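Have a look at the structure below before the remarks.
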Amino acid sequence: MHIDIRSLFQNPPLDTKVVVKGWVRNRRGNAYVTFISLNDGSTIHNLQIVAEAQDFAEQLIKQCTVGACLEVRGWFVKSQGKEQPFEVKAQEILILGHADAEKYPIQPKPHSFEFLREQAHLRMRTTTFGAVFRVRHHLAFAIHKFFNDRGFFYLHSPIITASDAEGAGELFKVTTLNLENPPRTAEGKIDFKQDFFGKEANLTVSGQLEAELAALALGKVYTFGPTFRAENSNTTRHLAEFWMIEPEMAFYDIHDNMNLAEEFLKYLIQYALTHCPDDLAFLDKRYAEEENKKKKEERSEMGLLEKLNFVLEHQFERLTYTEAIQILLDSPAHKKKKFQYEVAWGIDLQSEHERYLVEKYFKKPVILTNYPRKIKAFYMKQNEGEDVGKETVRAMDILFPGVGEIVGGSQREENYEKLLTRMKEVGINPEAMWWYLETRLFGTAPHSGFGLGFERLIQFVTGMNNIRDVIPFPRTPQNIEF
């Protein structure tokens, strides 16, 4: 039975026979000996295979090209070279899968991330992407562990839904109708009553609303699943398919919500640092190299590991949106007109504003609360006793260095009349959301929740600049090849 390379490095069975399997990352040598770098994906480290020419046919060694898959049997020993601690002196090599050396696209040389996105079926074999997706796994596991250990219940919210949680309207439609000749009503509109569900359906943009229903029965729940936005955006921060973590908690107010979110983020970052030290050390070095390529004024002031520890070492600063606006108005950046976007009460803060607060002013992560009602979602609890035009809601956004907003949440509006009025204000049909409204009639309770975009988190933890490089098969406009 073969053994993972990761296990060999963790508990080295020196001077014993082993069986290893993996893919060739590199090959070098001379007429007397060949050195093969083998990697099986279990660790960032390659295992050196030493093949003496006298023990193997020349034709076999020639077939051990980059990309080929091998099974190797031999002695696991201390390496005589300085580049690696251990190696396997091969006694038998079996080629499990050949790779055409001239056609295999992932060669041992630098490749652009743009090129590797075109090779998404192979890019996980590279050092960088192997590291990113191992970190992704550990963060996913940590999310479930965090909530399970704190008495939360995992809810599978629907992927196909008739509601638009945000009221944004950027939806992927789901239908079984004949698109070439759909049934129509007397008015000439498509007759969705004849569709599979008897009404319009779409892919979900959020599991929040369903999670609220569950929280008002089970107390504390969370969803963790794919969500979809039909937003025609090609930025480094947007995907059409992405994963969201959305906890909802009965009897939590906005302060409880903030406390949980801060604890959650610190837990996840610490978990990654503890369980992915080698991958993060490599990504830290890669991040530094990428930063050095930028203009001096565009470079981050902190390295990757420095940013992660920065979050762990500081208690998050908490202030209101109104206080933040005043800080921005008083800032040298605003007075010298260095902000690209305007600063005024009522605006939706831009990344440059958020990063100024985190990186320049407070020099720590920030939680902003009490945003203007007009720029926030309909379900957020309204603050009382405020001046007309200055109404706010109990929203909270958590801002991180380098990325700006990473978490968004709020205390939810539990008052039936206020929620109904707000839904009408933003153009949401109350009849279509009767089930959501009824929870405010039958045993309503204060409750809160937040959302964390999984890929945004992975971007922060790995230092990857483009969100397309932290999900295995990115879905973006005009891109669904893999």
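The values are calculated or read from the model by the stated rules, or taken from the named source; none is laboratory data. Note that the coordinates shown come from a computational prediction; the quantities given were computed from them, not determined experimentally. Glycine gets a Cβ as well: all are built from the backbone with ideal geometry, and neighbour counts include every protein chain shown. Note: accessible area is taken over every heavy atom of the protein model, side chains too, but ligands, DNA and RNA are not part of it. Shrake-Rupley method; radii C 1.70, N 1.55, O 1.52, S 1.80 Å.
So, for segment 94-150, what is the accessible surface per residue at a probe of 1.4 Å, expressed in square angstrom?
For segment 94-150, the solvent-accessible area averages 53 Å² per residue.
Under a Cβ-only charge scheme (Lys and Arg +1, Asp and Glu -1), can you give me the dipole magnitude of segment 3-160 about the Cα centre, in debye to the nearest 20?
On the way: 20 positive and 15 negative charges, 94 e Å.
For segment 3-160, the charge dipole is close to 460 debye.
Residue separation times 0.36 nm, minus the C-alpha to C-alpha distance between Gln194 and Asp387: what's the value?
Between Gln194 and Asp387, full extension yields 64.6 nm more.
Could you list which residues have their amide H under 5 Å from that of Gly451, counting only those 5 or more apart in sequence or on another chain, with H placed in the peptide plane?
Gly408, Gly409
I'd like the antiparallel share, as a percent to the nearest 5, of DSSP beta bridges with both residues in the chain.
Values: 69 of 78 bridges.
In the chain, DSSP labels about 90 percent of beta bridges as antiparallel.
Applying a 10 Å radius around every beta-carbon, put 114-124, 427-437 in order of their mean neighbour count, most first. List each step's numbers first, then the result.
Values: 114-124: 15.5, 427-437: 13.0.
Highest mean packing first, the order is 114-124, 427-437.
Say the dipole of the chain comes from +1 at the beta carbon of Lys and Arg and -1 at that of Asp and Glu; which of Val33, Pro158, Pro105 then lies farthest toward its positive end?
Val33
Show me 454-465, 378-389 ranked by packing, highest mean number of other Cβ atoms within 10 Å first.
For the peptides 454-465, 378-389, the packing ranking is 454-465, 378-389.
If each of Glu481 and His111 carries a label point 7 Å out from its Cα toward its Cβ, how far apart are those two points in nm?
1.1 nm
Would you compute, from DSSP H runs of 4+ residues alone, the mean residue ellipticity of the chain at 222 nm, taking -39500 (n - 2.57) per run and dividing by the full residue count, rounded to the nearest 500?
Calculated at 222 nm, the ellipticity per residue is -8500 deg cm²/dmol.
Is there a quick way to get the dipole size of segment 310-393? I mean about its Cα centre, with the Cβ of Lys and Arg at +1 and of Asp and Glu at -1; what is the value in debye to the nearest 20?
I would put it at about 260 debye.
For segment 371-482, what class follows from the C-alpha gyration tensor (a ≥ b ≥ c being the square roots of its eigenvalues): rounded when a/c is under 1.5, otherwise prolate if a/b is larger than b/c, else oblate? The partial results should precede the final answer.
Working: a/c = 2.49, a/b = 1.78, b/c = 1.39.
Prolate, since a/c reaches 1.5 and a/b exceeds b/c.
Which GluC sites (Glu not before Pro) in segment 135-226 pass both tests, a DSSP loop state and at most 10 other beta-carbon atoms within 10 Å?
Glu180, Glu187
Taking every pair of alpha-carbon atoms in segment 268-326, give the share separated by more than 16 Å as a whole percent.
57 percent
What percent does the relative contact order of segment 367-449 come to when contacts are Cα pairs within less than 8 Å and at least six residues apart?
Values: 123 pairs, mean separation 22.0, N = 83.
Across segment 367-449, relative contact order equals 27 percent.
Leaving out ligands, DNA and RNA, and with a 1.4 Å probe, what % of the accessible surface on the chain is carbon or sulfur? Please list the in-between numbers first.
Details: 12200 of 24480 Å².
Ligands and nucleic acids excluded, carbon and sulfur give 50 percent.
Taking only protein heavy atoms into account and a 1.4 Å probe, give the accessible area per residue of segment 441-482 in Å².
38 Å²
Using θ = phi - 60° and the Karplus curve 6.51 cos²θ - 1.76 cosθ + 1.60, what whole-Hz ³J(HN,Hα) does each residue of segment 176-192 get, with Gly and Pro shown as x?
Karplus-based 3J(HN,Hα) across segment 176-192 equals 10, 5, 6, 5, 7, 8, x, x, 10, 7, 4, 7, x, 7, 5, 8, 6 Hz.
Counting only heavy atoms of the protein chains, get the accessible area per residue of segment 237-365 (1.4 Å probe) and round it to a whole Å² value.
53 Å²
Quick one: dipole size for the chain, taken about the Cα centre, charges +1 on Lys/Arg Cβ and -1 on Asp/Glu Cβ, in debye to the nearest 20.
I would put it at about 1140 debye.
What pairs from Lys337/Lys390; Lys307/Lys338; Lys374/Lys424; Lys307/Lys337; Lys360/Lys381; Lys103/Lys293 go past 19 Å between their alpha carbons?
Violating the 19 Å Cα-Cα cut-off are Lys337/Lys390; Lys307/Lys338; Lys307/Lys337; Lys360/Lys381; Lys103/Lys293.
Based on the Cβ-Cβ distance of Glu118 and Phe251, what FRET efficiency does E = 1/(1 + (r/R0)^6) give at R0 = 41 Å, to the nearest 0.05?
After rounding, the FRET efficiency stands at 0.25.
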